[in-house]
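Engineer: Mind having a look at this structure? Questions to follow.
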Amino acid sequence: MYVIAAVDEHWAIGRDGDQLCYIPADLKRFQALTSGHAVILGRKTLATFPGGRPLKNRRNLILSRDPSFAPEGAEVFRDLDSLRSAAPADAFVIGGGSVYRALLPFCDRAYLTKLARTWPADVFFPNLDADPAWRVAEESAPLEHQGLVFRYVTYERVSPCM
Ligand SMILES: NC(=O)c1ccc[n+]([C@@H]2O[C@H](COP(=O)([O-])OP(=O)(O)OC[C@H]3O[C@@H](n4cnc5c(N)ncnc54)[C@H](OP(=O)(O)O)[C@@H]3O)[C@@H](O)[C@H]2O)c1
């Protein structure tokens, strides 16, 4: 499995149930990388999408313990084991914080957008720079959107994942 996320300098990813920022070029890259793949996400991240609707052109595998939660166009899983049995090997874990934490041990590549700024935040991604299981495989030149500098950094797992 792969993971994709946008993190600030302190590995923050969200606040008050929303993203820290929206960068059009990053959204396009997200679409290009994930289209045609299954995406795995938590119920709270689904709520941040327009209309709370699943993403088009992708299988949406959603984690929720709520037995009444059944969004149209998505497959809902009540626990990690049943989700992992259903998820193809090339699925992308797309958030949020609780799902990243739970599934990172099963991912072998991480497509991160590293934002050169800090925001007040309440949800974080694990710090891959502090984790010897991960190394930087590829890093883009700095890019900029309305004064916000960011880079695309791809991490690879050094040792085999679980
Ligand atoms: N920067 C980025 O790249 C990025 C990407 C995605 C999201 N985000 C941000 O991340 C934040 C949301 O993250 P979050 O951690 O609060 O929520 P989340 O991971 O999106 O969703 C949490 C919910 O998922 C369900 N869930 C999680 N683990 C489960 C498990 N093992 N079994 C069954 N259900 C499970 C539960 O749903 P129920 O409560 O229904 O049981 C839980 O409340 C938002 O601020 C969002 O904007 C940022």
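The values are calculated or read from the model by the stated rules, or taken from the named source; none is laboratory data. Source: prediction; values computed, not measured. All Cβ positions, even for glycine, are placed from backbone atoms using ideal geometry, and neighbour counts span all protein chains on display.
Engineer: Restricting the search to the stretch 105-137, which residues are more than 21 Å from F30 (Cβ to Cβ) and assigned to a helix (DSSP H, G or I)?
Structural biologist: Of everything in the stretch 105-137, those that are more than 21 Å from F30 (Cβ to Cβ) and assigned to a helix (DSSP H, G or I) turn out to be P105, D129, A130.
Engineer: Among the candidates G96, G147, single out the residue that is among the small types (G, A, S) and buried (at least 18 other Cβ atoms within 10 Å of the Cβ).
Structural biologist: Just a single option satisfies the conditions, and that option is G96.
Engineer: Got at least one residue in the stretch 125-135 being among the aliphatic types (A, V, I, L, M), within 12 Å of A6 (Cβ to Cβ), within 15 Å of the ligand (Cβ to nearest atom) and out of contact with any Asp or Glu (no Cβ under 9 Å at 6 or more places or on another chain)?
Structural biologist: There is no residue in the stretch 125-135 that is among the aliphatic types (A, V, I, L, M), within 12 Å of A6 (Cβ to Cβ), within 15 Å of the ligand (Cβ to nearest atom) and out of contact with any Asp or Glu (no Cβ under 9 Å at 6 or more places or on another chain).
Engineer: Answer with yes or no whether D79 is out of contact with any Leu (no Cβ under 9 Å at 6 or more places or on another chain), among the acidic types (D, E) and at pLDDT 95 or above.
Structural biologist: no
Engineer: Let me ask something else. Quick check on my filter: what residues within the stretch 10-53 are outside any helix (DSSP H, G or I), within 22 Å of A102 (Cα to Cα) and of a type outside the set (A, V, I, L, M, F, W, C)?
Structural biologist: Selection gives H10, G14, R15, D16, G17, D18, Q19, H37, G42, T48.
Engineer: I've got another one for you. C161 is checked against (1) in contact with a Cys (Cβ under 9 Å, 6 or more places away or on another chain); (2) farther than 23 Å from F49 by Cβ; (3) not in a loop (DSSP other than H, G, I, E, B) and fails just one. What number does that condition carry?
Structural biologist: Of the numbered conditions (1) in contact with a Cys (Cβ under 9 Å, 6 or more places away or on another chain); (2) farther than 23 Å from F49 by Cβ; (3) not in a loop (DSSP other than H, G, I, E, B), the odd one out for C161 is (3).
Engineer: Give the residue, chosen from N60, N127, that is within 15 Å of the chain's Cα centre (by Cα) and surrounded by fewer than 17 Cβ atoms within 10 Å (Cβ to Cβ).
Structural biologist: Sole residue among the options that is within 15 Å of the chain's Cα centre (by Cα) and surrounded by fewer than 17 Cβ atoms within 10 Å (Cβ to Cβ): N127.
Residue-wise test of (1) farther than 26 Å from D16 by Cα; (2) touching a strand residue (DSSP E or B) at 6+ places or on another chain (Cβ under 9 Å); (3) more than 12 Å from the ligand (Cβ to nearest atom); (4) touching a residue at least 60 places away in the same chain (Cβ under 8 Å).
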position: L55; (1), (2), (3), (4): no, yes, no, no
position: R58; (1), (2), (3), (4): yes, yes, yes, no
position: S64; (1), (2), (3), (4): no, yes, no, no
position: S68; (1), (2), (3), (4): no, no, no, no
position: R78; (1), (2), (3), (4): no, yes, no, no
position: D81; (1), (2), (3), (4): yes, no, no, no
position: A89; (1), (2), (3), (4): yes, no, yes, yes
position: L112; (1), (2), (3), (4): no, yes, no, yes
position: Q146; (1), (2), (3), (4): no, no, yes, no
